[in-house]
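Colleague: First the structure, which I've put down as structure tokens, then a few questions once you've had a look.
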């Protein structure tokens, strides 16, 4: 989501200038690739860009194609195929062996403008979201159109959802392509995980490191603690900030994760007595294991699934200082939402990314 915010900000800053821009979006992948479906890059005609569609291998060549799209004012799909290690047809070296399709759309087009509007809406909404792109069509005018529902996409094509060659519904937690029987029309279903926001309890010096990591990730954060003891800049950048006594769990959304970093047993106990966890919510508690056992014995809140509590908080990376601890906590939250164990990729017996094609 951070990259999308940066792209929207770049566009807003330059939309009234003389610059012309094009939006590049990864819409299909076969084999290996550094970035996944939905990676984006906004390119201006002066050679600047924000975002990325690879690990640096494709950006230069994609910039050349983007200039052509800007000049022609017509969207197009560009394919890069390096599955054959002997192939030199695109003149660039890729570290990954795979095929990547990039949809390029001039920002002057209604399709690209609508695309960005949909992205703005997705950033503002809670919960998982979906965006549907027409990535191949017999009519050029349909290429690049985006929709928030599969029904609207089908209606534009003059079809019904049942005519799509897929068993997918809008509940799938993956981005993938839907292909019609004639194979001339393809729709990309892009899946967006819910926005992550943190509710951080505490006012110690380690809160600065945790909030810095949250900002680096593009996550929002709320603060609950002794505000008088927190640095002013940390409080100003928070979505909200209240003292312990003013904490009301109902004011925090379903996607808000609770990080108890109070260094105070009694405060942690009072907080746990108040919260009503949502399914899949991350709750992490700073402190040793025996502290958690004591909290479990003293807490009367029957809504808490103690097996799901992350305590001690963070992944086991040997973190010793506040910056390292914050990194381990952020990594654990990501692993929690990706349903991963947080172990070294060296020991993973599957591809790094799950494949759904």
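The values are calculated or read from the model by the stated rules, or taken from the named source; none is laboratory data. These numbers were taken from a predicted model, which means no experiment stands behind them. Note that we place each Cβ from the backbone using ideal geometry, even for glycine, and neighbour counts take in every protein chain shown.
Colleague: Given the options 293, 273, name the one that is within 22 Å of residue 332 (Cα to Cα) and not in a loop (DSSP other than H, G, I, E, B).
Modeller: 293
Colleague: Further, regarding this structure: Among 275, 325, which is the only one that is in the same structural domain as residue 210 (by TED's automatic domain parsing), at pLDDT 95 or above, over 30 Å from residue 177 (Cα atoms) and within 29 Å of the chain's Cα centre (by Cα)?
Modeller: Exactly one of 275, 325 is in the same structural domain as residue 210 (by TED's automatic domain parsing), at pLDDT 95 or above, over 30 Å from residue 177 (Cα atoms) and within 29 Å of the chain's Cα centre (by Cα), namely 325.
Colleague: Okay, moving on. Could you tell me whether any residue of the range 121-135 is crowded, with 20+ Cβ neighbours inside 10 Å, in a loop (DSSP other than H, G, I, E, B), in contact (Cβ under 8 Å) with a residue 24 or more places away in the chain and touching a strand residue (DSSP E or B) at 6+ places or on another chain (Cβ under 8 Å)?
Modeller: No, the range 121-135 contains no residue that is crowded, with 20+ Cβ neighbours inside 10 Å, in a loop (DSSP other than H, G, I, E, B), in contact (Cβ under 8 Å) with a residue 24 or more places away in the chain and touching a strand residue (DSSP E or B) at 6+ places or on another chain (Cβ under 8 Å).
Colleague: Quick check: anything in the range 182-199 over 30 Å from residue 133 (Cβ atoms) and in contact with a strand residue (DSSP E or B) (Cβ under 7 Å, 6 or more places away or on another chain)?
Modeller: The answer is yes, given that some residue of the range 182-199 is over 30 Å from residue 133 (Cβ atoms) and in contact with a strand residue (DSSP E or B) (Cβ under 7 Å, 6 or more places away or on another chain).
Colleague: If you don't mind, there's one more thing I want to ask. Of the residues 331, 326, which single one is surrounded by fewer than 18 Cβ atoms within 10 Å (Cβ to Cβ) and part of a helix (DSSP H, G or I)?
Modeller: The match here is 331.
Yes or no, residue by residue, for (1) closer than 30 Å to residue 28 by Cα; (2) under 23 Å from the mean Cα position of the chain (by Cα); (3) in the same structural domain as residue 259 (by TED's automatic domain parsing):
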{"residue": "287", "(1), (2), (3)": "no, no, yes"}
{"residue": "297", "(1), (2), (3)": "no, no, yes"}
{"residue": "303", "(1), (2), (3)": "no, no, yes"}
{"residue": "313", "(1), (2), (3)": "no, yes, yes"}
{"residue": "318", "(1), (2), (3)": "no, no, yes"}
{"residue": "331", "(1), (2), (3)": "yes, yes, yes"}
{"residue": "345", "(1), (2), (3)": "yes, yes, no"}
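Colleague: Taking strands (runs of 3 or more DSSP E) that fall entirely within the range 192-265, which contain at least 3 residues that are crowded, with 16+ Cβ neighbours inside 10 Å?
Modeller: Result: 197-201, 220-224, 256-260.
Colleague: Which ones in the range 69-87 are at pLDDT 85 or above, outside any loop (DSSP other than H, G, I, E, B) and buried (at least 19 other Cβ atoms within 10 Å of the Cβ)?
Modeller: 69, 70, 78
Colleague: Sort out which residues of the range 302-335 are touching a residue at least 60 places away in the same chain (Cβ under 8 Å) and closer than 24 Å to residue 271 by Cβ, and write them in order of number.
Modeller: Matches in the range 302-335: 322, 325, 326, 327, 329, 330, 333.
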